[in-house]
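The values are calculated or read from the model by the stated rules, or taken from the named source; none is laboratory data. Since this is a predicted model, take the numbers as computed values, not measurements. All Cβ positions, even for glycine, are placed from backbone atoms using ideal geometry, and neighbour counts span all protein chains on display.
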Amino acid sequence: MADKRKFYIDGAWVEPAAPRDLEVIDPSTEEPVAVISLGDQPDTDAAVAAAKAAFPGWSAVPPAERLAHVENILAVYKRRAQDMADAITAEMGAPQDMALEDQVGVGTYHIQTFIDAFRTFEFIRPLHPDTPTSMVAWEPVGVVGLITPWNWPMNQVTLKVIPAILAGNTVVLKPSEIAPLSSVVWSEIIDEAGLPKGVYNMVNGDGVGVGTQLSVHPDVEMISFTGSTRAGIAITKAAADTVKKVVLELGGKGANLVFADADEKAVARGARHCFYNSGQSCNAPTRMLVERSFYDTAVEQARKVAEETPVATAHQPGRHIGPVVSKQQWDKIQDLIQKGIDEGARLVAGGPGLPEGVNRGYFVRPTVFADVTNDMTIARQEIFGPVLSIIPFDSEEEAVAIANDTIYGLTNYVQTQDGKRRNRLARQLRAGMVETNGQSRGRGSAFGGVKASGRAREGGVWGLEEFMDSKQISGWDPEA
């Protein structure tokens, strides 16, 4: 079992102030694969102190030099891709191919996208083209606490660490204690890339401990958190007394509006997206709203996708889904599947229990419910497992009403060949992102939501500005 107890503080690997061991469990085998230590107040204080001491020097480093450091990080990250993929497979159950191509690959994508956005970023610019003496300056916030989840480890780490340090901040990262191994590899990458000491620090811990300690710490100027809405609310309250900046990317309950004129792959595409990463994505389209004239056909197509989706250990190549991350998560999903049955939804595929032929590991059967109503628990709660709820609608107006009838507002989806309808619905759906006909958002788009999904904007130029404060200046001398 690997010993990963040390933290990365002030450019060095250090022992925890006091041992608080936690085993990291491989969800494919239910066996421990590593041991970490959970940090406490002395560890948090040491990391914050290192970041605070490094901030004046780092924030004064010319942007071109900060960019060069990030380019070094990207080069090492690419070289360590297989190590990173192995860590993600072991800690959270992403299958081998998916771990390397998607889980690790999305980190490469985000780092490169930030590099591209940063090259043309203007830290000081006129308020308007015709007001050369009235300027807006973008400046780093200070010490930033970064709290990241287990479901897409490098997606979230790169979306936070890279723009934060490019902007001139110094950071303390607290990764999920359930899936910390990828962030240990990430910290090794940072170290090898030669980032100045104290600019980046990493302390493992849980939300109640290190997470709360960062949120209330007087020397932390900003918290960027990705995770559950419940935890985001708690962090916001904890941070209030120090009036720090809080940026939240939270849960979702995405609606996928499928009209009768949708392309022939629309239902299968939506179902596969729901099951992708074993359903552990906040932007998963877990509510499929289908026009009634196409409803029976759509239900049958979704059933077929579920039954043809293989489930297997993460420790093998192939296009299958792996386990969910933990026993706690498996139990929650099983309870919600049973709740769907008890409340009268029609079970079309999957259901409770382990998949056939599996006797250990936290595997969930790809599950489809039909005849769901939007007041059922499975339509209201974020399940975070491979469970699809199909709901019929009779009119465009009804579809919008059902889609918006949720506390969440992260990503919604529209499937129709009618361009005017796509445009109309994109404006009517209450979400931070709307994707239509399977077309991905453009490179450099921001990721984030509204309502209980939080209002973060991560990625591209918006992701850089998220980690800065704007300063308004009058009387600027354009000739000086």
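Residue-by-condition table, conditions (1) assigned to a loop (DSSP other than H, G, I, E, B); (2) surrounded by fewer than 18 Cβ atoms within 10 Å (Cβ to Cβ):
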| site | (1), (2) |
| --- | --- |
| 434 | no, no |
| 456 | yes, no |
| 463 | no, no |
| 469 | no, yes |
| 478 | yes, yes |
Taking residue 470 as the residue in question, decide whether it is under 26 Å from residue 114 (Cβ atoms), among the polar types (S, T, N, Q) and within 16 Å of the chain's Cα centre (by Cα). no
Scan the range 408-436 for residues that are touching a residue at least 40 places away in the same chain (Cβ under 8 Å), more than 16 Å from residue 286 (Cβ to Cβ) and out of contact with any Lys or Arg (no Cβ under 7 Å at 6 or more places or on another chain) and jot them down. 417, 418, 421, 425
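Quickly run through the range 240-251 and pick out the residues that are outside any loop (DSSP other than H, G, I, E, B) and either of a type in the set (Phe, Trp, Tyr) or within 18 Å of residue 160 (Cα to Cα) (or both). Even if it seems obvious, please write down each step before you answer.
Within the range 240-251, the subset outside any loop (DSSP other than H, G, I, E, B) is 240-242, 245-249.
Of everything in the range 240-251, those that are outside any loop (DSSP other than H, G, I, E, B) and either of a type in the set (Phe, Trp, Tyr) or within 18 Å of residue 160 (Cα to Cα) (or both) turn out to be 245, 246, 247, 248, 249.
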Give 403, 456 a once-over and let me know the one that is in contact with a strand residue (DSSP E or B) (Cβ under 7 Å, 6 or more places away or on another chain), among the hydrophobic types (A, V, I, L, M, F, W, C) and under 23 Å from residue 158 (Cβ atoms). 456
Need the failing condition index for residue 372 against (1) in a loop (DSSP other than H, G, I, E, B); (2) closer than 26 Å to residue 149 by Cβ; (3) modelled with pLDDT of 95 or more, just the number. (2)
Would you say residue 50 is assigned by TED's automatic domain parsing to the domain that holds residue 175, in contact with a Pro (Cβ under 8 Å, 6 or more places away or on another chain) and assigned to a helix (DSSP H, G or I)? no
From (1) of a type in the set (Asp, Glu); (2) crowded, with 17+ Cβ neighbours inside 10 Å; (3) more than 20 Å from residue 190 (Cβ to Cβ), pick out the condition that doesn't hold for residue 43. (3)
Residue pairs, Cβ under 8 Å, 6 or more apart or interchain, first in the range 137-157 and farther than 25 Å from residue 59 by Cα, second β-branched (Val, Ile, Thr). List them. 149/226; 150/178; 150/325; 151/325; 152/106; 153/88
Listed by range, strands (runs of 3 or more DSSP E) wholly within the range 114-164 having at least 3 residues that are over 29 Å from the mean Cα position of the chain (by Cα) and surrounded by fewer than 17 Cβ atoms within 10 Å (Cβ to Cβ) are 124-126
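To keep it simple, each residue is scored yes or no on (1) outside the structural domain of residue 33 (by TED's automatic domain parsing); (2) in a helix (DSSP H, G or I); (3) farther than 30 Å from residue 321 by Cα.
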site: 55; (1), (2), (3): no, yes, yes
site: 61; (1), (2), (3): no, no, yes
site: 90; (1), (2), (3): no, yes, no
site: 106; (1), (2), (3): no, yes, no
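Let's see how each residue does on (1) assigned by TED's automatic domain parsing to the domain that holds residue 469; (2) part of a helix (DSSP H, G or I); (3) within 26 Å of residue 57 (Cα to Cα); (4) at pLDDT 95 or above:
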position: 190; (1), (2), (3), (4): yes, yes, yes, yes
position: 215; (1), (2), (3), (4): yes, yes, yes, yes
position: 223; (1), (2), (3), (4): yes, no, yes, yes
position: 234; (1), (2), (3), (4): yes, yes, no, yes
position: 238; (1), (2), (3), (4): yes, yes, no, yes
Return yes or no: is residue 252 within 30 Å of residue 318 (Cβ to Cβ) and under 17 Å from the mean Cα position of the chain (by Cα)? yes
Of the residues 174, 160, only one is under 26 Å from residue 33 (Cα atoms) and of a type outside the set (Ser, Thr, Tyr); which? 174
Here the residues within the range 392-411 that are out of contact with any helix residue (DSSP H, G or I) (no Cβ under 6 Å at 6 or more places or on another chain) and either of a type in the set (A, V, I, L, M) or not in a helix (DSSP H, G or I) (or both) are 395, 399, 401, 402, 403, 405, 406, 411
Determine whether residue 11 is at positive phi and in contact with a Leu (Cβ under 9 Å, 6 or more places away or on another chain). yes
So which residues in the range 99-113 are among the β-branched types (Val, Ile, Thr) and either surrounded by 17 or more Cβ atoms within 10 Å (Cβ to Cβ) or more than 25 Å from residue 62 (Cα to Cα) (or both)? 104, 106, 111, 113
